[in-house]
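S.K.: The following block contains the structure, expressed as structure tokens.
The values are calculated or read from the model by the stated rules, or taken from the named source; none is laboratory data. All of these numbers come straight from a predicted model, not from anything done at the bench. FYI the Cβ positions are ideal-geometry reconstructions off the backbone, even for glycines, and counts take in every protein chain you see. Heavy atoms of the whole protein, side chains included, go into the accessibility calculation; ligands, DNA and RNA do not. Shrake-Rupley method; radii C 1.70, N 1.55, O 1.52, S 1.80 Å.
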Amino acid sequence: MSDKQSLEGEVFYPSPEVIEQARIKDWEAVARRAEADLEGFWAQEAAELEWYQRWEKVLDDSNKPFFRWFAGAKTNIVHNALDRHQKTYRKNKLSLVWVGEKGEVRTYSYFALNRDVCKFANVLKAMGVKKGDRVTIYMPRIPEIVIAMLATAKVGAVHSVVYGGFSVDALQGRIEDSESKVVVTADGGFMNGKVVELKKTVDEAVRRCPTVETVITVQRTHHEIRMEPGRDYWYHELMKLPLASGHCATEVMDASDPLYILYTSGTTGQPKGIIHAHGGYMVGVYSTLKYVFDLKDEDRWWCAADPGWVTGHSYIVYGPLLMGATTFMYEGAPTYPYPNRWWSLVEKYGITVLYTAPTAIRGLMRFGESWPNRHDLSSLRLLGSVGEPINPEAWRWYHRVIGKGRCPIMDTWWQTETGMFMITPTPSVPLKPGSGTRPFFGQKAEILDDQGNPVPDGEEGYLVLRNPWPAMMTTIFKDPDRMVKQYWSKYPGKYQAGDAAKRDKDGYFWIIGRTDDVIKVSGYRLGTAEIESALVAHPAIAEAAVIGLPHEVKGQSIHCYCLLRQGFKPSEDLADEVKNHVAQHMGPIVRPEKVVFVESLPKTRSGKIMRRVLKARAQGLPEGDVSTLEE
Ligand code: WTA
């Protein structure tokens, strides 16, 4: 692979300066070491972190696929993210630099972040939160979301963060499933110069969730909200109470104790609560961030995702803090008030590594090069991409215009379920635009057909992972069988990712997209089933089918096919009303691009909607095998 002549297609080779700086200069050697001794490799990574008690076994695989990493070990991810830095110079280092959409700045040293986390952990304890309890967090991109997550983990409770762009139905379903007693939120958040009314959504959702006893609200937008006596408390008032002391012992956890639930969309039905645990997750996230983005003490890292998605959990909150790095967080929209907002932030705060999604790049690309060109982007040394396949055109623009041709792009393929990067380059490997290159150390990926046979290089098949990895999900909340069925059954002993992909003759992987009913809208993972149930909740709609169709900026957009109830007539107004209905119930990001009223839906004889046929028809493509079609 190191032989330049042997790589096929468009290849970008790292410059000598990049290789010089890279932590890993010889990728092949590390890959070989991890392959020869998987447990040894991860044990060495784990040894860079602190443990209250060492593991008895690095990997306990006696109950597959419920793998237990660092079995017998005791730790708490917060100990490694905050506590251990208090003993070093990092106590005075910036952990978090935050900029609000209106331009206000807040900074936290590791000392200050730890102090606020301790204070809020004491508040949570006073509210009766105990080890194992679930806490739902529904907040804008403000420092308090980080504090709430860390404080929950510190007391041994399990956080369930719901993305602030979701609305009532989505929030309610997730609070209900997690049976949270406490919800942490804010009065609102700022996005595109407008107030997003989060507390109002919480009020509506909680009205239907009897488990919730306490709602804690951070004051951010200062608009008027309703506070229910006995249930609702202001964060800033609680943090002033004597009980909110700046000292709080970190709960000692088993490595396999749950750290968080993150709901994500699957093939059918309700979203599933993916569980990640303290020990393995901590090691996987730490190690991937270290090797892939090569973070050093002097870096300023900006993962421009939202903490409400797995990217934010792993690489805004936990990863950078585990590394003792300085993380940058921006509250608002990339184009507010102008399309240079991000680039001005890179310049002003000296961002060295920027990690974002292809949809954001395409969105900013539309405004032309003059916006980034007005800014000094010379602090950047590495770029990253995540969430969906990056089209080579966007890759080249990102590389040339933002990275000035100097900055390698780390295209990281992974999932909520994997917790950490799975297919990804490191800075010193040759890159091909649109490929995430090869599996991370210790991993083996395969492309299989329906029967489980490997497909030849260059042909499309199902992406499968062969080896266990430390940040793998430990189970699905309240539904362990679903994990076995969905991920580990089609190819026994192997993890089925749900993506179609190809491998080229250089061993590089190319992700094509989901093979199930998951749609990726602006990188956000949405399930058709959830959108369909929001649709049929509208009085005019009897039945609905949702598909994702290609969209220039968003990657995919939502198209809805609806059968009307008797007495309703199709009209533009009704279509708009239905779009608003979905946006209101599910959240603005779930707003359909198009609502089409139809007389019938293509179904199999057993009554299953054939979305594949709808998709083909909408794009004027051949319908494929329709032998089971009922029409
Ligand atoms: C897609 C996001 C191509 C993929 C971290 C996966 C990608 C799903 C990439 C998981 C990438 C993520 N290239 N496709 N670099 N990264 N995906 O759970 O379809 O929100 O299965 O996790 O996103 O989405 P999730």
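S.K.: Please work out the Cα convex hull volume for region 374-415 and give it in Å³ per residue.
M.R.: Here the figure is 75 Å³ per residue.
S.K.: Quick one: how many lysine pairs does region 189-330 have with C-alpha atoms less than 30 Å apart and a gap of 8 or more or different chains? Give me the count, please.
M.R.: The number of close lysine pairs in region 189-330 is 6.
S.K.: Also: Please compute the length gained on full extension between Val536 and Val105, using 0.36 nm multiplied by the number of residues separating them and subtracting their Cα-Cα distance.
M.R.: Separation in residues times 0.36 nm, less the Cα-Cα distance, equals 150.8 nm.
S.K.: What is the spin-label model distance, in nm, from Ser245 to Glu577 if the labels are put 7 Å beyond Cα along the C-beta direction?
M.R.: Inter-label distance under the simple model: 6.0 nm.
S.K.: Hey, another quick one. What FRET efficiency do you get for Glu39 and Val553 if R0 is 41 Å and r is their Cβ-Cβ distance, rounded to the nearest 0.05?
M.R.: Approximately 0.40, to the nearest 0.05.
S.K.: For a label point 7 angstrom out from the Cα of Gln86 toward its Cβ, which stretches of region 111-142 have the backbone nitrogen within less than 13 Å?
M.R.: 111-122
S.K.: Where does region 393-446 land on Rg(C-alpha)/(2.2 N^0.38 Å)?
M.R.: 1.21
S.K.: Let me ask something else. Grab the beta carbon distance between Lys490 and Arg226, set R0 = 56 Å, and tell me the FRET efficiency rounded to 0.05.
M.R.: Taking R0 as 56 Å, the efficiency between Lys490 and Arg226 is 0.70.
S.K.: Taking all protein chains in place and a 1.4 Å probe, what share, in percent, of the accessible surface of the chain do carbon and sulfur account for?
M.R.: C and S atoms contribute 50 percent here.
S.K.: Another question, if that's okay. In nm, what is the difference between 0.36 nm times the number of residues separating Glu17 and Asp61 and their Cα-Cα distance?
M.R.: Contour length minus Cα-Cα distance gives 11.7 nm.
S.K.: Would you list which lysines come within 17 Å of Lys444, measuring only between C-alpha atoms, while excluding same-chain residues fewer than 8 positions from it?
M.R.: Within the straight-line limit of under 17 Å, Lys444 reaches these lysines: Lys494, Lys502, Lys505.
S.K.: Okay, moving on. Based on the Cα atoms of region 58-136, what semi-axes does the equivalent ellipsoid have, where each is the square root of 5 times one gyration tensor eigenvalue, given in whole Å with the largest first?
M.R.: Equivalent ellipsoid of region 58-136: 31, 18, 15 Å, largest first.
S.K.: A follow-up question, please. Roughly how big is region 133-242's charge dipole about its Cα centre, with Cβ charges of +1 (Lys, Arg) and -1 (Asp, Glu), in debye to the nearest 20?
M.R.: Charge dipole of region 133-242: 240 debye, to the nearest 20.
S.K.: Under the rule that a partner needs its Cβ under 4.7 Å from the first Cβ, which Cys of the chain have none?
M.R.: So, Cys209, Cys303, Cys407, Cys560, Cys562.
S.K.: Please compute the per residue accessible area over region 211-363 with all protein chains in place, 1.4 Å probe, rounded to a whole number of Å².
M.R.: It amounts to 30 Å² per residue over region 211-363.
S.K.: Taking a ≥ b ≥ c as the square roots of the eigenvalues of the Cα gyration tensor of region 1-149, is the shape rounded (a/c under 1.5), prolate (a/b larger than b/c) or oblate?
M.R.: In terms of gyration-tensor shape, oblate.
S.K.: Take Trp234 and Glu599, extend 7 Å from each Cα along the Cα→Cβ direction, and tell me the distance between the two endpoints in nm.
M.R.: 6.1
S.K.: Between Lys478 and Gln53, what FRET efficiency follows from the Cβ-Cβ distance if R0 is 30 Å, with the result rounded to 0.05?
M.R.: 0.55
S.K.: Among Gln496, Tyr330, Pro389, whose Cα sits farthest toward the positive end of the charge dipole of the chain (+1 at Cβ of Lys/Arg, -1 at Cβ of Asp/Glu, about the Cα centre)?
M.R.: Tyr330
S.K.: Treating the beta-carbon of each Lys and Arg as +1 and of each Asp and Glu as -1, no other charges, what is the dipole magnitude of the chain about its Cα centre, to the nearest 20 debye?
M.R.: Around 1080 debye, computed over the chain.
S.K.: Sticking with this one: Calculate for the chain the 222 nm mean residue ellipticity that helices alone would give, adding -39,500 (n - 2.57) per DSSP H run of length 4 or more and normalising by residue count, nearest 500 deg cm²/dmol.
M.R.: -7500 deg cm²/dmol
S.K.: Let me ask something else about it. On a full-extension model of 0.36 nm per residue, what is the gain between Phe367 and Leu629, subtracting their alpha-carbon distance, rounded to one decimal in nm?
M.R.: So the extension gain works out to 89.9 nm.
S.K.: Then there's this: With contacts defined as alpha carbon pairs under 8 Å and 6 or more residues apart, what's the relative contact order of region 91-231 in percent?
M.R.: Reported relative contact order: 21 percent.
S.K.: Cα gyration tensor of region 233-319, axes a ≥ b ≥ c as square roots of the eigenvalues: rounded (a/c below 1.5), prolate (a/b > b/c) or oblate?
M.R.: In terms of gyration-tensor shape, oblate.
S.K.: At what distance in angstrom do the alpha carbon centres of region 1-64 and region 596-631 lie from each other?
M.R.: 45
S.K.: Obtain the nm distance between the two label points defined at Lys131 and Glu179 by a simple spin-label model: each point lies 7 Å from its Cα along the Cα-to-C-beta direction.
M.R.: Here the modelled spin labels are 1.8 nm apart.
S.K.: How would region 520-631 be classified by its alpha-carbon gyration tensor: rounded, prolate or oblate, with rounded meaning a/c under 1.5 and the a/b versus b/c comparison settling the rest?
M.R.: Taking the square roots of the gyration eigenvalues as a ≥ b ≥ c, region 520-631 is oblate.
S.K.: While we're here: Write down Rg/Rh for region 236-280, rounded to two decimals, with Rg from the C-alpha atoms and Rh from the Kirkwood relation over Cα pairs.
M.R.: Rg/Rh for region 236-280 comes to 1.22.
S.K.: Write down the Å³ per residue value for the convex hull defined by the alpha carbon atoms of the chain.
M.R.: Hull volume over Cα atoms, normalised by residue count, gives 159 Å³.
S.K.: For region 566-585 and region 506-557, what is the separation of their Cα centres, given in Å?
M.R.: 19
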